[in-house]
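Novice: Dumping the structure here so I can ask a few things about it.
The values are calculated or read from the model by the stated rules, or taken from the named source; none is laboratory data. These numbers were taken from a predicted model, which means no experiment stands behind them. Cβ: placed from backbone, ideal geometry, glycine included. Neighbour counts: every protein chain shown. For accessibility, only protein heavy atoms count, side chains too; no ligands or nucleic acids. Shrake-Rupley method; radii C 1.70, N 1.55, O 1.52, S 1.80 Å.
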Amino acid sequence: MTAEETQQRSASARIWKLAETIGPATLATALLFYFGFVATRARYAYFGVPLDMTGLTNQNLMLHGMEVVFVPAAMLFLGALALVGIHTLVLWQLSRSEEGTGSEEGSEGTSSSVNAFLAYAFVLVGVLLIARALIGIFIQGPDVSVVIGATPLALAFGPVAVAYGVWIRDQQRESPLLPQHLARNGVLCALALTVAGLFWASTQLAWAYGTGRGEEDAADLRDRPEVVVDTRDPLEDVPTGVIARRLGAAGASAGAFRHRYQGFRLLLASDGRLFLVTPHWVHGRDRTVVLPYDRDIRVQLMPQP
């Protein structure tokens with residue numbers, strides 16, 4: 001066994017040991033929690049409600065994460081299949097070059113030219129993607145972190161494309177272009193950037209998904225059951241569209257429910273609080289009313305026809 005094969009096996013063993021230490025169940029749970037946190041935060045931020053104020057449990061966030069994780073997982077596996085197909089074609093081209101070594105000189109020269117073109121093409125594409133990622137990071141501004149764009153994917157695939165192009169070129173050289181330790185460190189850095197870019201892209205997708213769910217919630221508010229709220233004390237600054245009226249006689253007991261508000265729609269009930277909006281709620285114009293769900297209020301739900 002050569003020294004290179006020994007080092008490759010040692011690196012593979014370390015990666016496998018790290019994967020066993022983390023555990024697939026732990027990793028899946030962490031990803032579900034994270035994507036659920038990002039998507040739910042964006043969903044209720046659309047209504048001006050901070051996620052910390054909702055008091056949602058970790059289980060709820062994980063359930064929301066299950067809604068988001070399917071699309072990134074499908075994209076990841078489809079991308080992996082595409083990369084396997086590209087690598088298979090490149091290996092086929094390289095094998096053609098090796099088979100043509102003892103054949104006609106013209107055929108060998110053509111295969112070498114094709115291999116060189118593939119190597120330079122991958123390097124060129126990788127450099128352009130890296131440039132696009134740098135532009136997105138340093139020029140487009142911080143808003144790029146929550147807007148789906150090409151920056152994270154360029155960061156993910158640019159360094160890998162450069163490394164792959166260098167590898168293709170090394171297959172046609174008698175000696176490698178870089179020393180072995182530099183090549184190994186470069187590959188590790190490229191893989192780390194790939195993981196960071198894919199994670200960044202998934203975060204953007206989760207944020208966009210949560211914002212889309214908020215927009216859907218706002219569009220469907222009129223179809224939700226009406227929330228009728230009875231209170232002991234009057235509410236200040238009632239939103240437009242909510243009808244307020246008094247209940248009972250003027251001399252009713254102090255503990256009675258004396259005020260009724262009709263027209264609310266329930267956005268969320270969590271941690272002993274009700275988050276209420278109006279059926280014609282508009283982003284940027286209306287607000288969300290938060291009421292403590294305790295003995296001082298009484299709630300009735302009226303389904304819509």
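Novice: So for the pair F33, V84, with labels modelled 7 Å out along Cα→Cβ, what separation do we get in nm?
Specialist: If labels sit at F33 and V84, their model points lie 3.2 nm apart.
Novice: Probe of 1.4 angstrom, ligands and nucleic acids ignored: what's the accessible area per residue over the stretch 203-251, in square angstrom?
Specialist: Heavy-atom accessible area per residue stands at 56 Å².
Novice: While we're looking at this one, here's another question. Report the gain in length on full extension from I135 to Q300: 0.36 nm times residue separation, minus Cα-Cα distance, nm rounded to one decimal.
Specialist: Gain on stretching I135 to Q300: 54.0 nm.
Novice: Further, regarding this structure: Quick check of the Kirkwood formula: for the stretch 148-305, what is the inverse mean of 1/r over all pairs of different Cα atoms, in Å?
Specialist: It works out to 20.7 Å.
Novice: Find how much the distance from D233 to V290 grows on full extension, using 0.36 nm per residue of separation minus their present alpha carbon separation; answer in nm with one decimal.
Specialist: Separation in residues times 0.36 nm, less the Cα-Cα distance, equals 19.0 nm.
Novice: Please name which of T288, V229, L247 has its Cα lying farthest along the dipole of the stretch 209-303 towards the positive end, using unit charges on Cβ (Lys, Arg +1; Asp, Glu -1) and the Cα centre as origin.
Specialist: L247
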